[in-house]
Amino acid sequence: MLVLVVDSSTPAVTAALVEVSADGVAARAQRCTVDARAHGELLAPQVDAVLADVDARPADLAAIVAGLGPGPFTGLRVGLVTAATMGQVLGIPTYGVCSLDGIGHPAAAGEPVLAASDARRREVYWAVYDGAGQRIAGPNVDTPAVAAGRARDLAVTVAVGDGAHRYADVLGLPVRKEPRYPDAVALARLAAERIRAGAPGELLTPLYLRRPDAVAATGHKPVLQ
């Protein structure tokens, strides 16, 4: 089955095609551009590009997998709206996966790992994974110092992700080079069981973890005072 994977929870805007079979998940094509200010401009052309790379059409897709975040409001909703709209138009199921799982799960190698992405405001989105890649804490948004304390409590020995690189001095952990951003194949693998089973599509509920910077006014200020 040909499956589209999209993630826009971090500065890395990702679109990929994977083949999901009984034997596993294989990458077919991928585009990933790191630009925190151009999610809306980049994602749709990247979807078109990966389809063209394998000479496929949207109608050839069997499902769509989307990273649910956590991530900043504006960027994250681009991927989720794209996935939800395509799923509805094509009549195919959509499946959500926590974006941090796409960082922490593939990084696990027999030891607990902290996955962290940049949440701005001098904070990180973070989660902890055991040696088998199962999430055992998070996702949360905190200062790097708070994330570091929780990581120590859970005997974490290594960190991964863009947030870990940015705040390595505070976390006080060795930082693995990759994956720095959510890995599309990992996201697909985490949804593969649902895809193979033909599970009903899911509502793609974003993991914002905090309110957006811009909020509606709660009152009206008199024009004349």
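The values are calculated or read from the model by the stated rules, or taken from the named source; none is laboratory data. Because the structure is a prediction, the values reported are computed rather than measured. Here the Cβ positions follow ideal geometry from the backbone for every residue, glycine too, while neighbour counts run over all protein chains shown. Side chains are part of the model used for accessible areas, which takes the heavy atoms of the whole protein and leaves out ligands, DNA and RNA. Shrake-Rupley method; radii C 1.70, N 1.55, O 1.52, S 1.80 Å.
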Worksheet item: Is the shape of region 115-184 rounded, prolate or oblate, going by the alpha carbon gyration tensor and its root eigenvalues a ≥ b ≥ c, with a/c under 1.5 for rounded and a/b larger than b/c for prolate?
Response: rounded
Item to complete: For every other residue with a beta carbon closer than 15 angstrom to the beta carbon of residue 201, add +1 if it is Lys or Arg and -1 if Asp or Glu, then tell me the sum.
Response: 0
Worksheet, complete the sentence: Listed by chain and number, the residues whose amide H is under 5 Å from that of residue 28, excluding neighbours fewer than 5 places away on the same chain and using placed H, are 17, 18, 19
Discussion item. I'd like the carbon and sulfur percentage of the solvent accessible area for region 64-192, probe radius 1.4 Å, heavy atoms only, ligands and nucleic acids excluded.
Written reply: 50
Worksheet entry | Amide H contacts of residue 119 (H built 1.01 Å from N, under 5 Å, at least 5 apart or other chain) | 124, 125
Worksheet item: Which of these, 90, 187, 171, has the largest mean-square fluctuation under a Gaussian network model of the chain (Cα springs below 10 Å)?
Response: 90
Discussion item. If you take every residue apart from residue 25 with its C-beta less than 13 Å away from the C-beta of residue 25, what net charge results, scoring Lys and Arg +1 and Asp and Glu -1?
Written reply: 0
Item to complete: Mind checking the full-extension length gain between residue 109 and residue 27? Use 0.36 nm per residue of separation minus the Cα-Cα distance, one decimal, nm.
Response: 27.4 nm
Worksheet, complete the sentence: Candidates 162, 35, 55; GNM for the chain (alpha-carbon contacts under 10 Å) flags as most fluctuating 55
Item to complete: Grab the DSSP H runs of the chain that are 4 residues or longer, score each as -39,500 (n - 2.57), total them, divide by all residues and round the 222 nm result to the nearest 500 deg cm²/dmol.
Response: -9500 deg cm²/dmol
Item to complete: Could you go through region 194-202 in sequence order and give the Karplus-derived ³J(HN,Hα) for each residue, using 6.51 cos²θ - 1.76 cosθ + 1.60 with θ = phi - 60°, rounded to whole Hz, and x for Gly and Pro?
Response: 5, 5, 4, 7, x, 4, x, x, 10
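Rounded to a whole number, what % of the accessible area of region 20-60 do carbon and sulfur atoms account for, probe 1.4 Å?
Here carbon and sulfur together make up 46 percent of the probe-accessible area.
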Worksheet item: What does the accessible area per residue of region 66-105 come to in Å², with a 1.4 Å probe and no ligands, DNA or RNA counted?
Response: 32
Worksheet item: Between residue 1 and residue 136, how many nm apart are label points set 7 Å from Cα along the C-beta direction?
Response: 3.1
Worksheet item: GNM, the chain, Cα, under 10 Å: largest mean-square fluctuation among 66, 197, 107?
Response: 197
Worksheet item: What are the ³J(HN,Hα) values, in whole Hz, obtained from phi via the Karplus relation 6.51 cos²θ - 1.76 cosθ + 1.60 with θ = phi - 60°, for each residue of region 81-94 in sequence order, with x given for Gly and Pro?
Response: 5, 4, 5, 5, 5, 5, x, 5, 5, 7, x, 10, x, 10
